[in-house]
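Before any comments, here is the structure.
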Amino acid sequence: EAGVAQSPRYKIIEKRQSVAFWCNPISGHATLYWYQQILGQGPKLLIQFQNNGVVDDSQLPKDRFSAERLKGVDSTLKIQPAKLEDSAVYLCASSLLDNSPLHFGNGTRLTVT
Amino acid sequence: GNSVTQMEGPVTLSEEAFLTINCTYTATGYPSLFWYVQYPGEGLQLLLKATKADDKGSNKGFEATYRKETTSFHLEKGSVQVSDSAVYFCARNQAGTALIFGKGTTLSVSS
């Protein structure tokens, strides 16, 4: 089966600019997650979708981050405006059910200068 | 709180050495426990898991046993290879919540 697809693979922007990341989960996976992985740390959940509804966005910095999953398939994560501390790898993952193993994409490495 | 704590790295071993990476968790109830691995340049991959107390997860020669009494899920391998060099993440979840990860432990194996 095809894995979780993410793009772009790398992105470099200046602070205060905007950026968007795209994720295509494994076909049929109802649950989609966005994680932020800062260098030297474990991934931290930003938002969890079940189909096109938000299950958990308690750790999403909503003043600058937004995410959507229209039609319950693809998802986009946006940062506007970016800060230096947003430099990280942004990981998308999907799972068949809420409590089943997560499958991760290769991530988007964001550098904010 | 609910968290996962794993041993600080990096861990540096010679080929065929014995590996242990410690992991403990705090949680309400009985979470499922996981080890994920991230090889250089690749995404996170599930290595093994255990869903209830005393379960042993195993894969590729790695093992971890769910110990409720010590709230631990230590990763072990009897004889590591150079190809095992990667970052290893311990994680937990519970029904209705996403994965909570430890900070990761870097393993470097030399020949």
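The values are calculated or read from the model by the stated rules, or taken from the named source; none is laboratory data. Predicted model only: the values in this text are computed from it and were never measured. Cβ placement follows ideal geometry from the backbone for every residue including glycine, while neighbour counts extend to all protein chains displayed.
A few remarks follow.
- Selected residue [among the aliphatic types (A, V, I, L, M), touching a Phe, Trp or Tyr at 6+ places or on another chain (Cβ under 6 Å) and loosely packed, with under 13 Cβ neighbours inside 10 Å] from B:ALA86, B:ALA91, B:ALA53: B:ALA53
- Each residue in segment A:78-108 was checked for being under 23 Å from A:GLY28 (Cα atoms) and away from every other protein chain (no Cβ under 14 Å), and 0 of them qualify.
- Filter pass, B:LYS68 being among the basic types (Lys, Arg) and either in contact with a Lys or Arg (Cβ under 8 Å, 6 or more places away or on another chain) or within 14 Å of chain A (Cβ to nearest Cβ) (or both): no
- Verdict on A:ALA93 being in contact with a Ser or Thr (Cβ under 9 Å, 6 or more places away or on another chain), surrounded by 17 or more Cβ atoms within 10 Å (Cβ to Cβ), free of Cβ contacts under 8 Å to residues at least 40 places away in the same chain and of a type in the set (A, V, I, L, M): no
- For segment A:26-103, the strands (runs of 3 or more DSSP E) that sit wholly inside it and include 1 or more residues that are out of contact with any Pro (no Cβ under 9 Å at 6 or more places or on another chain), of a type in the set (D, E, K, R) and under 21 Å from B:VAL37 (Cα atoms) are A:44-50.
- Complete set of residues in segment A:8-43 that are exposed (fewer than 13 other Cβ atoms within 10 Å of the Cβ) and within 14 Å of chain B (Cβ to nearest Cβ): A:ARG9, A:TYR10, A:LEU39, A:GLY40
- Top-ranked residue of segment A:44-77 - restricted to ones that are among the β-branched types (Val, Ile, Thr) and facing chain B (nearest Cβ under 10 Å), ranked as surrounded by the most Cβ atoms within 10 Å (Cβ to Cβ): A:ILE47
To keep it simple, each residue is scored yes or no on (1) touching a helix residue (DSSP H, G or I) at 6+ places or on another chain (Cβ under 8 Å); (2) hydroxyl-bearing (Ser, Thr, Tyr); (3) modelled with pLDDT under 95.
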residue: A:ASP63; (1), (2), (3): no, no, no
residue: A:LYS71; (1), (2), (3): no, no, yes
residue: A:LEU77; (1), (2), (3): no, no, no
residue: A:PRO81; (1), (2), (3): no, no, no
residue: A:SER100; (1), (2), (3): no, yes, yes
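- Given (1) modelled with pLDDT of 95 or more; (2) more than 11 Å from the chain's Cα centre (by Cα), index of the condition A:HIS29 fails: (1)
- Selected residue [of a type in the set (Ser, Thr, Tyr), surrounded by 14 or more Cβ atoms within 10 Å (Cβ to Cβ) and touching a residue at least 24 places away in the same chain (Cβ under 8 Å)] from B:SER14, B:SER72: B:SER72
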